[in-house]
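*Asks:* Input: one structure, supplied below.
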2 protein chains.
Amino acid sequence: MPSISRRGKTMPQSPIRKLVPFAEAALKRGIKIIHLNIGQPDIKTPKVALDAVRNNTLEVLAYSRTEGSETYREKIARYYAKNDIHVHADNIIVTTGGSEALSFALGSIADNDDEIIIPEPFYANYNGFANATGIKVVPVVSNIENNFALPPIEEFEKLITPKTKAILICNPGNPTGYLYTKEEIKKLAAIVKKHNLFLVADEVYREFTYDNREHHSILQEEGLEEHAIVIDSVSKRYSMCGARIGYLVSKNKEVMQTALKFAQARLSPPTYAQIACEAALDTPQSYFDDVKKEYEARRNLLITELSELDGVVVAQPQGAFYCIVQLPIDDADSFARWLLEDYNLDGETVMVAPAAGFYATDGLGTNQIRIAYVLEKDDLKRAVHILKEALKAYVL
Amino acid sequence: MPSISRRGKTMPQSPIRKLVPFAEAALKRGIKIIHLNIGQPDIKTPKVALDAVRNNTLEVLAYSRTEGSETYREKIARYYAKNDIHVHADNIIVTTGGSEALSFALGSIADNDDEIIIPEPFYANYNGFANATGIKVVPVVSNIENNFALPPIEEFEKLITPKTKAILICNPGNPTGYLYTKEEIKKLAAIVKKHNLFLVADEVYREFTYDNREHHSILQEEGLEEHAIVIDSVSKRYSMCGARIGYLVSKNKEVMQTALKFAQARLSPPTYAQIACEAALDTPQSYFDDVKKEYEARRNLLITELSELDGVVVAQPQGAFYCIVQLPIDDADSFARWLLEDYNLDGETVMVAPAAGFYATDGLGTNQIRIAYVLEKDDLKRAVHILKEALKAYVL
C-alpha cells in the first residue's frame with residue numbers, strides 16, 4: 001500500500017472536528033447542544049443578495065474571470081473607499097473564500113521551509129495552510145492578562161531570521177476578539193519595513209468593532225504599499241459563509257501578478273456566489289448597524305455573565321465575535337469532550353472549542369476555550385449557566 | 001521591497017492567458033474572434049439544476065459540510081453506480097472544482113521535491129498545482145503519430161525513482177482527446193502495484209466518449225483500491241464550469257482521512273453550487289445523449305475539415321472535446337499571436353491555444369495547437385477555413 005505524504009501526516013485536524021463524533025453521540029441520546037464552538041452566524045443574509053441569485057437568468061453556468069469581473073472588482077473598490085481604504089480594481093483578486101486568498105498570498109511570498117511570524121493564539125486553519133505549503137509558523141505569544149494586545153516589538157525581532165518572509169495578523173482577531181490600535185499597526189509597519197518583510201492582515205471581521213472603536217487597516221498605512229497584503233472575505237460581513245467568496249488585496253504589483261498565476265491554475269471563483277456578493281455590496285448601512293448592535297449586546301451579556309463565574313478569566317473582545325475564556329480546569333480538551341459525553345443540565349449541554357488548537361506553542365491554551373457569540377442572547381445566557389453548573393460538577 | 005517566493009517566480013502562466021491582451025486589442029480594432037482556445041462549452045446547463053438555485057429558499061447562506069452533505073454524496077455514489085463504478089458516500093469528498101480535488105490529492109500523497117509521472121501533453125494547470133506544492137512533474141512523452149496512446153510501460157519504468165509517488169493520467173485526455181483502453185488501464189494498474197505508487201486519474205470527461213467506445217475508470221480495476229484516486233468535476237458534464245464543484249474519490253481510507261484535513265482548512269465547498277449540482281444529478285439521460293451526439297458531430301466535422309489542410313496532422317480524438325493539431329509552421333506561439341495581431345479574413349480571425357504549454361519537455365509541441373470543439377458546427381467550419389487561409393498567408 002503506497003504511503004501518504006509527510007505533510008499529509010502533519011496536517012492538523014480542526015480543534016472542533018475531533019469533538020464532532022461526541023456531539024453526534026450526544027444528539028442520539030436526545031441531548032440538546034448549544035453551539036458555542038462555531039463561527040457560523042445566525043444572522044440572516046441580506047435579502048438583496050439572496051434575491052439576486054433567485055432572479056438570475058443564466059442559461060449556461062460559465063466560468064467567470066479568474067480575478068473576478070471588472071464590474072464586481074470596481075464595486076469592491078468603492079466599498080473599500082467608503083471604509084477609507086483607497087485601492088483600485090487592479091489591486092483586488094476575487095478568491096474562493098478568504099481561505100484561498102491566504103493560500104495564494106502564502107504561496108506567492110514564501111517557499112518551503114520559509115517562516116511566517118504570527119501572534120498566538122491565532123485562527124487554527126493558518127496552521128493548515130502553512131503545513132500544506134511547507135511554511136513554518138513561528139508564534140509570538142500574546143496573553144489573556146493583556147487582553148491579547150500586540151506583543152512587544154522586541155519579541156518579534158527576536159524571532160526574525162533570514163527565512164522570515166512575513167508577519168501575519170488577524171484584525172480584529174479570531175479567536176481573541178482583539179482589535180489592534182492605530183499605534184500597534186504603525187509598530188508593525190515599522191518592523192516589516194525595517195526587515196523588508198510582508199505584512200499580511202486577515203481583516204475579515206473589519207466591520208465588527210465595538211465601543212465605538214475604529215478599525216485601522218494596514219492598507220491605510222502610508223509607505224506600506226509594497227508590504228501590505230490584505231485577506232478579506234464576505235462570509236461574516238453579510239452572513240454568507242456558504243458563498244465562499246473572499247478577496248486578496250495588495251498594491252504590490254509583483255504580488256498581484258504572482259497571485260494571479262496561482263488563481264489561473266484553479267480557473268475561477270464560483271459564479272453564483274459572485275452574483276450574490278456583487279448584489280450584497282448594495283446592502284443598506286442599517287443592516288450593518290443592526291448586526292453590530294446585536295453582536296455588541298451579545299458580547300456585553302456574555303462577558304458580564306462569564307465574569308461572574310468563579311475562577312474564570314475572560315478577555316474583553318473589542319471586535320469580531322469570539323472570546324477566549326480561561327477556565328479553572330487542567331485540560332480543556334477533556335472538559336469539552338466531557339461536556340458532550342457525560343454532562344447535561346435538564347437534557348442540555350454546550351459545545352465549546354478547546355483553545356490549544358489556536359496556539360502553535362505546545363502546552364499553551366490548554367485551560368482555555370474559545371466561545372463564538374453568534375447565538376441569540378437567551379441561548380447565550382442559558383449556555384453560560386450550563387457552563388457554570390458543569391464547571392461545579394467537573395471540578396468536584 | 002520584499003521579494004516574492006521562488007515558487008511564485010516559477011509558477012507557469014496559462015498558455016492562453018498570454019494571448020488575452022492581443023485578443024482584446026483585436027476586438028478593439030473591430031475584428032471578430034472565433035474562440036477555438038477555451039473549454040467553455042456553449043451547451044446549456046440542465047434546466048433542473050438552474051431551477052433548483054432559482055427556487056432555493058435559503059435565508060442564511062451558511063457553510064455546508066466540509067466533505068459535502070451526506071445526501072449529496074449518496075446521490076453521487078448512485079451516479080457512479082449507474083456508470084458501473086461502485087463506491088460509497090464515504091469514498092467521496094466534494095471539492096471546489098476538480099482543481100481543488102487535485103490539490104488535495106497531490107498534497108496528501110507527495111511532499112516537496114517528490115515526483116509525479118504524467119504522460120505529456122497534459123492539462124497545463126497540472127504544472128501549476130505541482131509548482132504550488134513543490135512537486136516535480138516528470139513527463140513521459142506520447143506522440144501525435146500514435147494518436148497519443150499510452151507510452152510503453154518501459155518508458156514509465158525508466159523514470160521511476162525513490163521519489164516517485166504517483167502516475168497521473170487524464171482520461172479521456174485534455175488536450176489530446178485520447179481514451180485509454182481497458183488494456184492500457186490494466187498496464188498502468190500493474191505498474192503502480194509493482195512499484196507501490198498511487199494512480200491518479202482525472203476522469204472529468206468520462207461521459208464524452210465517441211464511436212461507441214466505453215470509458216474504463218481506474219475505480220473499476222480490481223485490486224487497485226489502495227492505489228486509485230479519481231479527480232472528477234461537474235464542469236463539463238453538465239456545462240456547469242462556473243459552479244466550481246468537483247469530487248475526490250478513493251477507497252484508500254488513509255488518503256481520504258488526509259484529504260479531509262486539507263478540506264477542513266478551507267471549511268466547505270460553495271453552497272449555491274452544491275444545490276445546483278445535487279439537482280443536476282437528476283438530469284435525464286436524453287440530455288447526455290444529445291450532448292454527446294452534438295460533440296461527436298462537431299468532432300467529425302472538425303477532423304474532416306482539418307484533414308484536408310496541406311501539411312496539417314491531426315490526432316483522432318476518441319473522447320473529451322479537444323484535439324491537438326500539428327501545423328506546417330515553426331512556432332505556434334508566434335502564429336497564435338499573429339492570428340490576433342496581424343490577420344483577419346473578412347474581419348474575422350481565430351484564437352487557438354499554442355500546445356507547448358501542455359508539454360513539460362522543452363521544445364515539444366512548438367508546432368502544435370490545441371483546438372476545443374465547443375462551438376456550433378457552422379462556426380467550426382468557418383474557423384477551419386480561416387485557419388486554412390491564414391496558414392497560406394503565414395507560410396508565404
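Nothing in this text is a laboratory measurement; each read-out follows from the coordinates by a stated rule. Just so it is clear, the structure is predicted and the values come from calculations on it, not from any experiment. With ideal geometry, Cβ positions are generated from the backbone for all residues, glycine too; neighbour counts draw on all protein chains shown.
*Asks:* Above 53 angstrom, tally the Cα pairs of the protein assembly as shown and express them as a % of all pairs, no decimals.
*Replies:* 12
*Asks:* Oh, and also: Shape call for the stretch B:1-51 from the C-alpha gyration tensor, a ≥ b ≥ c root eigenvalues: rounded (a/c under 1.5), prolate (a/b greater than b/c) or oblate?
*Replies:* In terms of gyration-tensor shape, oblate.
*Asks:* Something else now. How do A:E348, B:E305, A:E308 line up, fewest other C-beta atoms within 10 Å first?
*Replies:* Going from least to most buried by this count: A:E308, A:E348, B:E305.
*Asks:* Could you give me the ³J(HN,Hα) list for the stretch A:165-172, computed from phi with Karplus coefficients 6.51, -1.76, 1.60 and θ = phi - 60°, whole Hz, x at Gly and Pro?
*Replies:* With coefficients 6.51, -1.76 and 1.60, one gets 10, 7, 10, 10, 10, 10, 9, x Hz.
*Asks:* Thinking of the stretch B:79-141 as a set of Cα atoms, what percent of all their pairs are more than 18 Å apart?
*Replies:* Roughly 47 percent, rounded to a whole number.
*Asks:* Further question: Over the stretch B:48-280, what is the mean sequence separation of C-alpha contacts under 8 Å (at least six apart), divided by residue count, expressed as relative contact order in percent?
*Replies:* Here the relative contact order equals 30 percent.
*Asks:* Tell me the angle of helix B:377-395 to the major Cα principal axis of chain B, expressed in degrees between 0 and 90 and rounded to the nearest ten.
*Replies:* Relative to chain B, helix B:377-395 is tipped by roughly 50 degrees.
*Asks:* Relative to 2.2 N^0.38 Å, what does the C-alpha radius of gyration of chain B come to as a ratio? Two decimals please.
*Replies:* 0.99
*Asks:* Past 22 Å, Cα to Cα: identify those pairs from B:K293/B:K377; B:K44/B:K236; A:K18/A:K136; A:K165/A:K187; A:K47/A:K293, in the order given.
*Replies:* A:K18/A:K136
*Asks:* Taking each label point as 7 Å beyond Cα in the direction of the beta carbon, state the distances from B:K163 to the same residue in the other copies, shortest first, in nm.
*Replies:* Computed spacing set for this position: 1.9 nm.
*Asks:* Counting each DSSP H run of 4 or more residues in chain B as -39500 (n - 2.57), what helix-only mean residue ellipticity at 222 nm follows after dividing by all residues, to the nearest 500 deg cm²/dmol?
*Replies:* -12000 deg cm²/dmol
*Asks:* Right, something else. Calculate one ³J(HN,Hα) per residue across the stretch B:284-298 by plugging θ = phi - 60° into the Karplus curve 6.51 cos²θ - 1.76 cosθ + 1.60, and present them in order as whole Hz with x for glycine and proline.
*Replies:* Once rounded to whole Hz, the list reads x, 4, 4, 4, 5, 4, 5, 5, 4, 4, 4, 5, 5, 5, 5.
*Asks:* Which of the peptides B:352-364, B:275-287 is most tightly packed, and how do the rest follow, going by the mean number of other Cβ atoms within 10 Å of each residue?
*Replies:* Descending mean neighbour count gives B:352-364, B:275-287.
*Asks:* Still on this structure, please answer the following. I'd like the distance between the alpha-carbon centres of the stretch B:143-178 and the stretch A:53-113, rounded to an integer number of Å.
*Replies:* Taking the Cα centre of each part, the stretch B:143-178 and the stretch A:53-113 sit 36 Å apart.
*Asks:* I'd like the mean, over residues of A:253-266, of how many other protein chain beta carbons sit within 10 Å of each residue's own Cβ.
*Replies:* 6
*Asks:* Here's another thing I want to ask about it. Considering only DSSP beta bridges whose two residues both sit in the stretch B:48-280, what percent are antiparallel, to the nearest 5?
*Replies:* Rounded to the nearest five, the antiparallel share is 35 percent.
*Asks:* Which aspartates and glutamates does B:K388 reach when only Cα atoms under 15 Å apart count, and residues fewer than 8 places away in its own chain are ignored?
*Replies:* Excluding near neighbours in sequence, the set is B:E305, B:E308, B:D310, B:D346, B:E348, B:D379.
*Asks:* To continue, here is another question. For label points placed 7 Å from Cα toward Cβ, what is the shortest-first list of nm distances from A:V395 to its copies?
*Replies:* Label-point separations across copies, in nm and ascending: 9.0.
*Asks:* If one takes the longest principal axis of the Cα atoms in chain A, at what angle in degrees, from 0 to 90 and to the nearest 10, does the Cα axis of helix A:271-280 lie?
*Replies:* 80
*Asks:* Which ³J(HN,Hα) values, rounded to whole Hz and listed in residue order, are derived for the stretch A:330-338 from phi using the Karplus coefficients 6.51, -1.76 and 1.60 in 6.51 cos²θ - 1.76 cosθ + 1.60 with θ = phi - 60°, glycine and proline given as x?
*Replies:* For the stretch A:330-338, the Karplus curve yields 8, 9, 5, 4, 5, 5, 4, 5, 4 Hz.
*Asks:* Another question about this same structure. Using the number of other C-beta atoms within 10 angstrom as an exposure proxy, rank A:L150, A:L327, A:L159 with the fewest first.
*Replies:* A:L159, A:L150, A:L327
*Asks:* Looking only at other chains, what is the average number of their beta-carbon atoms within 10 angstrom of each beta-carbon in B:52-60?
*Replies:* Averaged over the peptide's residues, the number is 5.
*Asks:* For peptide A:61-69, how many partner chain Cβ atoms fall within 10 Å of a residue's Cβ, on average?
*Replies:* Taking all residues of A:61-69 together, the mean is 5.
*Asks:* What angle, in degrees between 0 and 90 and rounded to the nearest 10, separates the Cα long axis of helix B:253-265 from the longest principal axis of the Cα atoms of chain B?
*Replies:* Result, in degrees: 70.
*Asks:* Put the label 7 Å from Cα along Cα→Cβ for B:S69; what are its distances to the other copies, in nanometres, shortest first?
*Replies:* 2.7
*Asks:* Using the number of other C-beta atoms within 10 angstrom as an exposure proxy, rank A:T176, A:T57, B:T366 with the fewest first.
*Replies:* Ranked by crowding around the Cβ, least crowded first: A:T57, B:T366, A:T176.
*Asks:* Tell me, rounded to the nearest percent, the portion of alpha carbon pairs in the stretch B:48-280 spaced more than 23 Å apart.
*Replies:* More than 23 Å apart: 46 percent of the Cα pairs in the stretch B:48-280.
*Asks:* Run the numbers on chain A and let me know its relative contact order in percent, using alpha-carbon pairs under 8 Å that are six or more apart.
*Replies:* Dividing the mean separation by the residue count of chain A yields 25 percent.
*Asks:* Using alpha carbon coordinates only, what is the Rg to Rh ratio of the stretch A:276-396, with Rh defined as the Kirkwood radius?
*Replies:* My calculation of the ratio gives 1.04.
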